[in-house]
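Reading through the C-alpha coordinates given below for one structure.
The values are calculated or read from the model by the stated rules, or taken from the named source; none is laboratory data. Owing to the predicted nature of the structure, the values given are computational and were not obtained by experimental measurement. Cβ sites come from the backbone with ideal geometry, for glycine too, and all protein chains shown count toward neighbours.
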(Lines give C-alpha, C1' and ligand atoms only; values in the text may rest on other atoms or scores of the structure.)
Protein backbone atom coordinates (compact mmCIF):
# COMPACT_ATOMS: atom_id res chain seq x y z
CA UNK A 1 0.00 0.00 0.00
CA UNK A 2 1.51 3.39 -0.96
CA UNK A 3 2.42 5.80 1.79
CA UNK A 4 0.51 9.09 1.93
CA UNK A 5 2.51 12.00 0.54
CA UNK A 6 3.58 14.63 3.01
CA UNK A 7 2.68 18.20 2.25
CA UNK A 8 5.28 20.81 1.42
CA UNK A 9 4.34 22.60 4.63
CA UNK A 10 5.01 19.39 6.63
CA UNK A 11 8.52 19.16 5.24
CA UNK A 12 9.05 22.82 6.06
CA UNK A 13 8.24 22.16 9.70
CA UNK A 14 11.32 19.90 9.97
CA UNK A 15 13.69 22.73 9.01
CA UNK A 16 15.12 25.30 11.36
CA UNK A 17 14.04 28.87 10.73
CA UNK A 18 17.60 29.63 9.64
CA UNK A 19 17.69 26.91 6.99
CA UNK A 20 14.25 27.89 5.67
CA UNK A 21 15.31 31.56 5.55
CA UNK A 22 18.50 30.72 3.66
CA UNK A 23 16.73 28.50 1.10
CA UNK A 24 14.21 31.29 0.50
CA UNK A 25 16.72 34.16 0.16
CA UNK A 26 15.42 35.78 3.33
CA UNK A 27 17.61 37.85 5.68
CA UNK A 28 19.67 36.18 8.37
CA UNK A 29 17.75 35.68 11.64
CA UNK A 30 18.67 38.49 14.03
CA UNK A 31 18.42 36.54 17.27
CA UNK A 32 21.50 34.55 18.34
CA UNK A 33 20.90 30.81 18.42
CA UNK A 34 20.62 27.66 16.32
CA UNK A 35 18.59 29.25 13.50
CA UNK A 36 21.20 31.96 13.02
CA UNK A 37 24.01 29.39 13.27
CA UNK A 38 22.39 27.25 10.56
CA UNK A 39 22.04 30.27 8.27
CA UNK A 40 25.67 31.28 8.80
CA UNK A 41 26.84 27.71 8.18
CA UNK A 42 25.03 27.62 4.86
CA UNK A 43 26.06 31.13 3.84
CA UNK A 44 29.77 30.81 4.56
CA UNK A 45 30.56 27.09 4.60
CA UNK A 46 27.75 25.67 2.40
CA UNK A 47 26.88 23.10 5.06
CA UNK A 48 25.47 22.69 8.55
CA UNK A 49 26.61 20.48 11.40
CA UNK A 50 23.77 18.57 13.03
CA UNK A 51 23.37 17.83 16.72
CA UNK A 52 24.87 14.42 15.93
CA UNK A 53 28.01 16.12 14.55
CA UNK A 54 27.21 15.13 11.00
CA UNK A 55 28.02 17.60 8.26
CA UNK A 56 25.16 18.09 5.81
CA UNK A 57 26.09 19.93 2.59
CA UNK A 58 23.87 22.66 1.16
CA UNK A 59 23.32 20.64 -2.03
CA UNK A 60 21.85 17.80 0.02
CA UNK A 61 19.63 20.16 2.02
CA UNK A 62 18.41 21.81 -1.19
CA UNK A 63 17.73 18.43 -2.79
CA UNK A 64 15.65 17.30 0.19
CA UNK A 65 13.59 20.50 0.44
CA UNK A 66 13.52 21.82 -3.15
CA UNK A 67 9.87 20.88 -3.74
CA UNK A 68 8.62 22.58 -0.57
CA UNK A 69 10.67 25.73 -1.21
CA UNK A 70 9.66 26.00 -4.85
CA UNK A 71 5.96 25.39 -4.13
CA UNK A 72 5.81 28.41 -1.83
CA UNK A 73 8.31 30.48 -3.82
CA UNK A 74 6.45 30.16 -7.12
CA UNK A 75 3.14 30.97 -5.45
CA UNK A 76 4.56 34.09 -3.77
CA UNK A 77 7.06 35.23 -6.45
CA UNK A 78 5.97 33.97 -9.86
CA UNK A 79 8.51 34.38 -12.63
CA UNK A 80 11.55 33.97 -10.39
CA UNK A 81 13.48 31.30 -8.53
CA UNK A 82 15.56 31.31 -5.32
CA UNK A 83 19.36 31.47 -5.36
CA UNK A 84 19.70 27.73 -4.63
CA UNK A 85 17.65 26.89 -7.72
CA UNK A 86 19.97 29.01 -9.86
CA UNK A 87 22.99 27.36 -8.21
CA UNK A 88 21.92 23.71 -8.34
CA UNK A 89 19.08 23.31 -10.86
CA UNK A 90 19.30 25.95 -13.57
CA UNK A 91 20.69 24.83 -16.91
CA UNK A 92 24.13 26.33 -17.66
CA UNK A 93 22.72 28.55 -20.42
CA UNK A 94 20.21 30.00 -17.96
CA UNK A 95 22.96 30.69 -15.40
CA UNK A 96 25.06 32.51 -17.99
CA UNK A 97 22.10 34.67 -19.02
CA UNK A 98 21.25 35.40 -15.38
CA UNK A 99 24.87 36.36 -14.72
CA UNK A 100 24.60 38.72 -17.69
CA UNK A 101 21.63 40.45 -16.01
CA UNK A 102 18.72 39.05 -18.00
CA UNK A 103 15.30 38.93 -16.31
CA UNK A 104 14.56 35.69 -14.47
CA UNK A 105 11.03 35.61 -15.89
CA UNK A 106 12.27 36.01 -19.46
CA UNK A 107 14.89 33.29 -19.02
CA UNK A 108 12.38 30.88 -17.46
CA UNK A 109 9.84 31.65 -20.17
CA UNK A 110 12.26 31.14 -23.05
CA UNK A 111 13.43 27.84 -21.58
CA UNK A 112 9.80 26.75 -21.00
CA UNK A 113 10.36 26.47 -17.25
CA UNK A 114 7.44 28.58 -16.03
CA UNK A 115 4.43 26.78 -14.59
CA UNK A 116 1.00 27.35 -16.12
CA UNK A 117 0.07 29.29 -12.98
CA UNK A 118 3.09 31.55 -13.37
CA UNK A 119 2.26 32.22 -17.02
CA UNK A 120 -1.32 33.11 -16.10
CA UNK A 121 -0.16 35.39 -13.28
CA UNK A 122 2.41 37.15 -15.45
CA UNK A 123 -0.10 37.57 -18.28
CA UNK A 124 -2.55 39.21 -15.86
CA UNK A 125 -0.17 41.23 -13.67
CA UNK A 126 2.68 41.90 -16.05
CA UNK A 127 6.27 40.74 -16.21
CA UNK A 128 8.64 41.85 -13.47
CA UNK A 129 11.43 44.27 -14.13
CA UNK A 130 14.89 42.65 -13.84
CA UNK A 131 15.69 45.07 -11.01
CA UNK A 132 12.56 43.96 -9.10
CA UNK A 133 13.46 40.27 -9.19
CA UNK A 134 15.21 38.70 -6.19
CA UNK A 135 18.97 38.62 -6.58
CA UNK A 136 20.12 35.25 -7.87
CA UNK A 137 23.78 36.03 -8.42
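Does the stretch 124-133 contain at least one residue that is outside the structural domain of residue 19 (by TED's automatic domain parsing) and under 17 Å from the mean Cα position of the chain (by Cα)? Yes, the stretch 124-133 contains a residue that is outside the structural domain of residue 19 (by TED's automatic domain parsing) and under 17 Å from the mean Cα position of the chain (by Cα). Answer yes if at least one residue in the stretch 32-50 is out of contact with any helix residue (DSSP H, G or I) (no Cβ under 6 Å at 6 or more places or on another chain) and under 30 Å from residue 117 (Cα atoms), and no otherwise. No, the stretch 32-50 has no match at all.
In the stretch 1-44, the residue that is farthest from the chain's Cα centre (by Cα) out of those that are farther than 21 Å from residue 66 by Cβ and modelled with pLDDT under 55 is 1.
Among residues of the stretch 92-103 that are within 18 Å of residue 82 (Cβ to Cβ), those with a beta-carbon under 6 Å from a residue that is modelled with pLDDT under 90 and crowded, with 18+ Cβ neighbours inside 10 Å at least six positions away or on a different chain give the pairs 98/136.
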